[in-house]
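Asks: One structure, pasted below without further comment.
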Amino acid sequence: MFLEKVIIKPISYLKTTRFVFLKIVLNVYFSWRKSILFIVVQLRLKNILRFLSVFKLLKIINAKKGSKPHLHFYFRYLEHELQEVISFDVYYEFANDLINSLLDKHREAAHYDKKRPFSCVYGVILSGCVQKQLAIPNVSCGYLVFLHHLKEKHLDYNNIDSLQKKQNDILKWIKQSVDKIRKEHCTDKIKILRHSKVALKIKWKGLEYHIVVAWTFSKRQYCEFHYIQNNVHVYPFSPDQLQTAANDLIDEEAIHERHIKSVDTISKPWKRFLERNMYASLSLLRVHQMRESTDRNTQLAILFLKAWQHIAMKDRQNLSNNALEFVCICLFHQLKKMRQQTNTPVFTLDIIRQFFEIMKQCSIVMTGTKNTILQINTGDRQDQHERKQGSFSTYNYNMKGRAANGNLNTVFIRYQNGGREKVRKKSPY
């Protein structure tokens, strides 16, 4: 059963400094018998001819509504336009500028402070949706993880408090340094947005970055400062580089999990600290999982829905980026499984329509202040016990090795009236 009526409000977001504006206005009307797609895309305010060519394309689509080839042609066109707008280079450029500024501050402090917290930091990675290639410019937040080395034999359960303090001091020093730089430059393009003992969110030259600190049990050469070249620290990983990193991280993951299990009986706060450190330290592993699990159509659907959610659902109940990505991947595998016999491809529009079907289900069953758990079955598992127990951890661990083959099991999303959703997940790195 289709959505009876969905109106997606104007999606508009600023391009990078090289571009002017992209506005997408998408009105989708569904009835129980047919679906008609009306799309108006306004691109580059100065390019009127291109703007008119989009309307010509829309006439073709509306004249042949329901024709898969024409819809496919449109989304290829939309994909081309989005790819022109969505550039991740600026995130890496500004992140390297931020890191170089911090390293300069660190060198300046060397003359009067011999015990600088930042001295033990050997490298950094830019992970998250930017590295996943699922970022919306000027909307998404870069995820920077500063790394320090800790040999496993030095992880003593009696000194976990001192490890926490060490990471807190590093983060505090980064915050103070960013604040000094802001005052020196007298600019509102650099500011502290949020901070706590474990995380820092800043704006750097107009882009937002989420900053955390984590240790690694081995020094990762590909994460070291100046690894690519002088003053270049973070960079987009190629598929081969990401695969190599993932192979290393899978081995290190077992070490993290063993210590988390051991400390579980000692202290719950310590366990949460070790889990938080593991998620940040192994964040590239999650990037690898997501890149392996998303094809071009799924990627476009995720980008489109992120932009839609940012505008249409701003200040209202919505999904986190991670939950949105997981749902789209699961919907892709669900649709792919349903079409195995006909060998029909899964288009971007199919994923988007299915996404709104899911949202409709939630709106129907959600009443009052009760929580609603939405279940999406996508795998082939027949074990009823596993389906009953089907926690988010089952989904995550399947993602590690078999998501690309479509053997995903179950996703649970918890919606709550009056606030953001809470997703039960065990390893969101």
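Asks: Restricting to the stretch 111-155, give me the number of residues that are farther than 18 Å from Phe304 by Cα and of a type in the set (A, V, I, L, M, F, W, C). Walk me through it before giving the result.
Replies: If we filter the stretch 111-155 for residues that are farther than 18 Å from Phe304 by Cα, which is where we start, we get 111-127, 142-155.
Pick out the ones that are also of a type in the set (A, V, I, L, M, F, W, C) and you get 118, 120-121, 124-126, 144-147, 150, 155.
Selection size over the stretch 111-155: 12.
Asks: Could you count how many residues in the stretch 136-165 are touching a helix residue (DSSP H, G or I) at 6+ places or on another chain (Cβ under 7 Å) and without any contact (Cβ under 8 Å) to a residue 60 or more places away in the chain?
Replies: Counting residues in the stretch 136-165 that are touching a helix residue (DSSP H, G or I) at 6+ places or on another chain (Cβ under 7 Å) and without any contact (Cβ under 8 Å) to a residue 60 or more places away in the chain gives 0.
Asks: Can you find a residue that is of a type outside the set (A, V, I, L, M, F, W, C), in contact with an Asp or Glu (Cβ under 9 Å, 6 or more places away or on another chain) and in contact (Cβ under 8 Å) with a residue 40 or more places away in the chain anywhere in the stretch 93-112?
Replies: Among the residues of the stretch 93-112, not one is of a type outside the set (A, V, I, L, M, F, W, C), in contact with an Asp or Glu (Cβ under 9 Å, 6 or more places away or on another chain) and in contact (Cβ under 8 Å) with a residue 40 or more places away in the chain, which makes the answer no.
Asks: Among the residues of the stretch 254-276 satisfying the criterion of being part of a helix (DSSP H, G or I) and either of a type in the set (Val, Ile, Thr) or under 26 Å from Ala135 (Cα atoms) (or both), which is farthest from the chain's Cα centre (by Cα)? Reasoning before the result, please.
Replies: So in the stretch 254-276, the residues part of a helix (DSSP H, G or I) come out as 254-263, 268-276.
Those left that are additionally either of a type in the set (Val, Ile, Thr) or under 26 Å from Ala135 (Cα atoms) (or both): 255, 260, 263, 275-276.
Working: Ile255: 25, Ile260: 25, Val263: 29, Glu275: 19, Arg276: 17 Å.
Selected residue: Val263.
Asks: Just for strands (runs of 3 or more DSSP E) wholly inside the stretch 137-249: which have at least 1 residues that are under 29 Å from His288 (Cβ atoms) and of a type in the set (Val, Ile, Thr)?
Replies: Values: elements: 141-149, 190-195, 200-204, 207-216.
So the answer is 141-149, 200-204, 207-216.
Here's the yes/no breakdown for (1) crowded, with 19+ Cβ neighbours inside 10 Å; (2) at pLDDT 90 or above:
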position	(1), (2)
Glu108	no, no
Tyr112	no, no
Ser119	no, yes
Gln131	yes, yes
Pro137	yes, no
Leu147	yes, yes
Gln164	no, yes
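Asks: Provide a single number: the residues in the stretch 180-200 that are loosely packed, with under 15 Cβ neighbours inside 10 Å, in contact with a strand residue (DSSP E or B) (Cβ under 6 Å, 6 or more places away or on another chain) and either among the hydroxyl-bearing types (Ser, Thr, Tyr) or more than 24 Å from His259 (Cα to Cα) (or both).
Replies: Residues meeting the conditions: 4.
Asks: Right, here's the next one. I'm told Thr298 meets every condition in (1) of a type in the set (Val, Ile, Thr); (2) closer than 28 Å to Phe94 by Cβ; (3) surrounded by fewer than 19 Cβ atoms within 10 Å (Cβ to Cβ) except one. Can you identify the failing condition by its number?
Replies: (3)
Asks: Can you tell me which residue among Arg296, Arg276, Arg272 is modelled with pLDDT of 90 or more and farther than 30 Å from Asp97 by Cα? Talk me through it step by step, then tell me what you get.
Replies: Details: Arg296 fails: modelled with pLDDT of 90 or more; Arg276 fails: farther than 30 Å from Asp97 by Cα.
Exactly one residue qualifies, and that residue is Arg272.
Asks: Among the residues of the stretch 319-362, count how many are surrounded by fewer than 20 Cβ atoms within 10 Å (Cβ to Cβ), out of contact with any Phe, Trp or Tyr (no Cβ under 8 Å at 6 or more places or on another chain) and in a loop (DSSP other than H, G, I, E, B).
Replies: Matching residues across the stretch 319-362 total 8.
Asks: In contact (Cβ under 8 Å) with a residue 60 or more places away in the chain and under 26 Å from Asp113 (Cα atoms), is that true of Lys172? So that I can check it myself, show each step before the final result.
Replies: Details: in contact (Cβ under 8 Å) with a residue 60 or more places away in the chain: no; under 26 Å from Asp113 (Cα atoms): yes.
Answer is no for this residue.
The values are calculated or read from the model by the stated rules, or taken from the named source; none is laboratory data. Just so you know, these numbers come straight off a predicted model, no measurement behind them. Note that we place each Cβ from the backbone using ideal geometry, even for glycine, and neighbour counts take in every protein chain shown.
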